[in-house]
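Below is one structure; the comments refer to it alone.
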Amino acid sequence: MDIKTLTVRSAHQGLKDKKFSSVELTEACLARIDEVDEKIKAFITVCRDYAIKQAKEADEKIAKGEEISILEGIPMSVKDMYCTKGVQTTAGSRVLEGFVPPYDATIVKKLKEAGAVLVGKNTQDEFGHGVSSENTGFDVPHNPWNFSRVAGGSSGGSAASVSASEVFYSLGTDTGGSIRQPSAVCSVVGLKPTYGRSSRYGVVAMASSLDTMGCIGKTVSDTADVFKVMAGKDELDSTTVDMPVPDYPNLLEGDIKRLKIGVPKEYFEGGVSDDVKNIVQKAIEKLADLGAQIVDISLPHTKYGVAAYYIICPSEVSANLGRYDGVRYGPAAKDAEDLFDFYIKNRSKFHPEVKRRIMIGTYSLSSGYYDAYYLKAQKIRTLVKKDFDEAFEKVDVIVTPTSPTVAFKIGEKVSDPLSLYMCDVLTIPASLAGICGLSLPCGFSGGLPVGLQILGPQFLEEVILKVGHIYEKATEWYRKKPTV
Amino acid sequence: MKLSKEQVRHTAKLARLKLTEEEVELYSRQLSQVLDYMDILDEVDTSSVEPTSQVTGLKNVYREDKIKRVCDREELLACTKLPVERDQIKVKSVF
């Protein structure tokens with residue numbers, strides 16, 4: 001049993017064939033975490049005993065000959081943004097250190113019902129604020145392909161833990177690129193669903209009109225298996241849409257002949273490095289070989305995406321992070337003079353980037369500035385969405401690089417917030433439009449992974465998953481593993 | 001600079017954040033840089049564009065007006081570090 005080469009599907013088969021048990025699988029993952037996580041630092045919390053308990057429950061079901069779902073007994077991890085009952089949940093911040101939720105996020109509940117074995121909580125940029133996971137209140141995760149490099153962000157811990165074969169898949173969140181970008185720089189598959197496709201209930205809120213709940217896996221088919229369980233309307237999240245969930249895992253096969261793939265010129269300009277451009281171009285040529293029709297398109301408002309996002313997101317953040325005042329959860333200052341002082345002391349634990357964004361947001365929404373900033377940004381958002389709506393009348397999917405560069409060095413950009421914001425330039429527009437996006441491995445440059453981003457219209461995840469699966473089958477980049 | 005130190009101090013107070021003098025200096029510089037970058041949006045004529053606040057198009061999502069218990073009050077109150085009296089969390093006085 002080699003957990004590096006096993007996928008969710010092959011592990012499921014192995015469990016059914018009784019080649020190994022869920023306890024053995026879980027212990028192998030825990031041993032792997034013991035072996036490598038000191039170097040990778042993908043976890044804030046590892047819930048060893050709870051994991052073994054869940055694994056035993058899965059094994060009992062198998063022993064009784066009960067029908068098991070594909071995720072049953074398979075070890076996974078969750079970005080620390082999701083509430084997990086009885087297991088510490090920090091959202092990567094010291095402001096929530098020690099917080100143990102009394103309930104599960106809806107998605108966590110659904111996965112537990114499907115038999116998932118929760119092994120631990122992954123580190124991340126604090127409250128989702130970042131592109132490198134360097135803004136964590138805990139230890140910075142390292143890229144398994146090169147320890148001196150970032151694992152991407154904000155779901156860096158999740159991407160690193162799947163990439164290093166510590167777990168089979170991980171749950172992440174994507175608000176401006178936080179699943180897609182770390183997946184690209186760690187050479188794993190990451191799915192950002194359509195906004196409203198999966199429930200935000202029980203997940204620490206960052207920007208309520210942009211947050212999406214997705215997953216990171218070793219292969220596209222694994223990702224489809226996980227997302228099928230995650231998706232769906234939730235009574236507890238009124239922004240989820242009441243649409244049936246397609247049978248994603250069974251909609252992957254076929255061919256992409258006559259599929260129209262749009263390639264937007266704006267995504268190959270500016271800060272996109274030459275090596276990334278070349279590798280993604282080769283991937284597009286491969287898609288053409290596989291029968292797709294490549295169509296040049298333009299998404300003219302792409303260059304305004306970062307500015308619009310970094311007004312809208314911090315504005316919503318400044319409202320959502322208002323609740324972290326030490327009253328209902330999290331550590332609470334004992335020596336405060338009055339209520340104001342109490343708030344100030346508890347909120348002093350925020351990472352500087354979080355403080356920056358709260359302030360940008362507070363400023364943008366404040367009297368006298370609302371029209372110039374927040375309202376203007378929302379109008380730009382309309383135009384960015386319109387670009388995609390018009391493009392999807394001509395093409396079925398849009399293909400681009402996920403990240404403008406390969407993983408940069410840890411510490412390289414910390415003193416320049418704006419340069420970090422620009423790392424999201426290729427993922428942000430899709431977030432503003434609320435459409436779905438998949439990132440998957442498409443090559444390497446200097447030993448560092450490059451990701452291909454496939455964007456699809458709202459609620460058509462099955463199309464981007466199918467394109468991704470067919471490309472993956474033809475290229476098998478997932479077979480290449482980091483040597484850690 | 002777009003954001004003076006005084007504006008930074010005021011914004012921080014609104015957001016219930018306390019900054020050291022060094023932080024005020026640093027953020028004034030960094031935030032001004034970020035806000036300068038936002039000027040790029042002025043290139044676009046949005047006079048006849050409607051703002052987008054949400055992308056699902058959902059309106060008025062209702063549920064039955066029935067009490068639904070998602071979590072026990074005791075479990076929720078157990079999350080606070082502050083004293084709890086008669087099911088209420090006791091905070092410092094405002095004044």
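Points worth noting:
- Lone unmet requirement of (1) of a type in the set (D, E, K, R); (2) closer than 19 Å to residue A:433 by Cβ; (3) touching a His at 6+ places or on another chain (Cβ under 9 Å) for residue A:253: (2)
- The set of residues from segment A:159-169 being in contact with a helix residue (DSSP H, G or I) (Cβ under 7 Å, 6 or more places away or on another chain) and crowded, with 24+ Cβ neighbours inside 10 Å comprises A:159, A:160, A:163, A:164, A:166, A:167, A:168, A:169.
- Extreme residue, surrounded by the most Cβ atoms within 10 Å (Cβ to Cβ), among residues of segment B:35-48 that are in a helix (DSSP H, G or I) and either charged (D, E, K, R) or facing another protein chain (nearest Cβ under 7 Å) (or both): B:38
- Segment B:17-34, subset within 11 Å of residue A:352 (Cβ to Cβ), within 7 Å of chain A (Cβ to nearest Cβ) and not hydrophobic (A, V, I, L, M, F, W, C), residue nearest to the chain's Cα centre (by Cα): B:27
- Test: residue A:415 is in contact with a Cys (Cβ under 9 Å, 6 or more places away or on another chain), polar (S, T, N, Q) and within 30 Å of residue A:89 (Cα to Cα): no
- The residues on offer are A:119, A:95, and the sole one that is of a type in the set (A, V, I, L, M, F, W, C), in contact with a Lys or Arg (Cβ under 7 Å, 6 or more places away or on another chain) and not in a loop (DSSP other than H, G, I, E, B) is A:95.
- Test: residue A:436 is out of contact with any Phe, Trp or Tyr (no Cβ under 7 Å at 6 or more places or on another chain), modelled with pLDDT under 95 and crowded, with 24+ Cβ neighbours inside 10 Å: no
- Evaluation of residue A:386 against (1) more than 14 Å from every other protein chain (Cβ to nearest Cβ); (2) surrounded by fewer than 20 Cβ atoms within 10 Å (Cβ to Cβ); (3) among the basic types (Lys, Arg); (4) farther than 16 Å from residue A:151 by Cβ (one fails), failing number: (1)
- Qualifying residue in segment B:49-58 (condition: out of contact with any Asp or Glu (no Cβ under 9 Å at 6 or more places or on another chain), more than 7 Å from chain A (Cβ to nearest Cβ) and either farther than 22 Å from residue A:389 by Cα or at pLDDT 95 or above (or both)): no
- Search result, residues across segment A:9-58 that are of a type in the set (Val, Ile, Thr), outside any helix (DSSP H, G or I) and in contact with a helix residue (DSSP H, G or I) (Cβ under 8 Å, 6 or more places away or on another chain): A:44, A:46
- Residue A:342 meets all of the listed conditions (1) surrounded by fewer than 22 Cβ atoms within 10 Å (Cβ to Cβ); (2) in a helix (DSSP H, G or I); (3) hydrophobic (A, V, I, L, M, F, W, C); (4) out of contact with any strand residue (DSSP E or B) (no Cβ under 7 Å at 6 or more places or on another chain) but one, namely (1).
- The residue pairs whose first member lies in segment B:48-64 and is without any contact (Cβ under 8 Å) to a residue 24 or more places away in the chain, whose second member is surrounded by 10 or more Cβ atoms within 10 Å (Cβ to Cβ) and among the basic types (Lys, Arg), and whose beta carbons are closer than 8 Å, counting only pairs six or more residues apart or on different chains, are B:49/A:379; B:50/A:379; B:51/A:379; B:51/A:381; B:52/A:379; B:52/A:381; B:52/A:385; B:55/A:385.
- Conditions (1) assigned to a helix (DSSP H, G or I); (2) touching a Lys or Arg at 6+ places or on another chain (Cβ under 9 Å): number failed by residue A:306: (2)
Conditions tested, residue by residue: (1) touching a strand residue (DSSP E or B) at 6+ places or on another chain (Cβ under 9 Å); (2) hydrophobic (A, V, I, L, M, F, W, C); (3) on the phi < 0 side of the Ramachandran plot.
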position	(1), (2), (3)
A:211	yes, no, yes
A:235	no, no, yes
A:238	no, no, yes
A:254	no, no, no
A:260	yes, no, yes
A:282	yes, no, yes
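- Looking across A:38, A:67, one residue alone is under 24 Å from the mean Cα position of the chain (by Cα) and without any contact (Cβ under 8 Å) to a residue 12 or more places away in the chain. It is A:38.
- Selection within segment A:219-276: residues that are part of a helix (DSSP H, G or I) and touching a Phe, Trp or Tyr at 6+ places or on another chain (Cβ under 8 Å). The member of this set that is surrounded by the fewest Cβ atoms within 10 Å (Cβ to Cβ) is A:228.
Yes/no matrix, rows are residues, columns are (1) of a type outside the set (Ser, Thr, Tyr); (2) buried (at least 16 other Cβ atoms within 10 Å of the Cβ); (3) closer than 25 Å to residue A:260 by Cβ; (4) facing chain B (nearest Cβ under 9 Å):
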{"residue": "A:352", "(1), (2), (3), (4)": "yes, yes, no, yes"}
{"residue": "A:366", "(1), (2), (3), (4)": "no, yes, no, yes"}
{"residue": "A:390", "(1), (2), (3), (4)": "yes, no, yes, no"}
{"residue": "A:395", "(1), (2), (3), (4)": "yes, yes, yes, no"}
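- Residue A:124 in contact with a Lys or Arg (Cβ under 6 Å, 6 or more places away or on another chain) and outside any strand (DSSP E or B): yes
- Number of positions in segment A:347-360 that are under 23 Å from the mean Cα position of the chain (by Cα), assigned to a helix (DSSP H, G or I) and not charged (D, E, K, R): 3
- Here segment B:59-73 is the region considered, the condition is being at pLDDT 90 or above and at the interface with chain A (Cβ under 9 Å from one of its Cβ atoms), and the residue that is nearest to residue A:85 (Cα to Cα) is B:72.
- Residue among A:106, A:45, A:84 that alone is within 19 Å of the chain's Cα centre (by Cα) and free of Cβ contacts under 8 Å to residues at least 40 places away in the same chain: A:84
- Any hit, segment A:293-310, residues being within 27 Å of residue A:174 (Cα to Cα), more than 8 Å from every other protein chain (Cβ to nearest Cβ), among the hydroxyl-bearing types (Ser, Thr, Tyr) and over 22 Å from the mean Cα position of the chain (by Cα): yes
The values are calculated or read from the model by the stated rules, or taken from the named source; none is laboratory data. Keep in mind it's a predicted model, so treat the numbers as computed, not measured. Note that each Cβ is placed from the backbone with ideal geometry, even for glycine, and that neighbours are counted across all protein chains shown.
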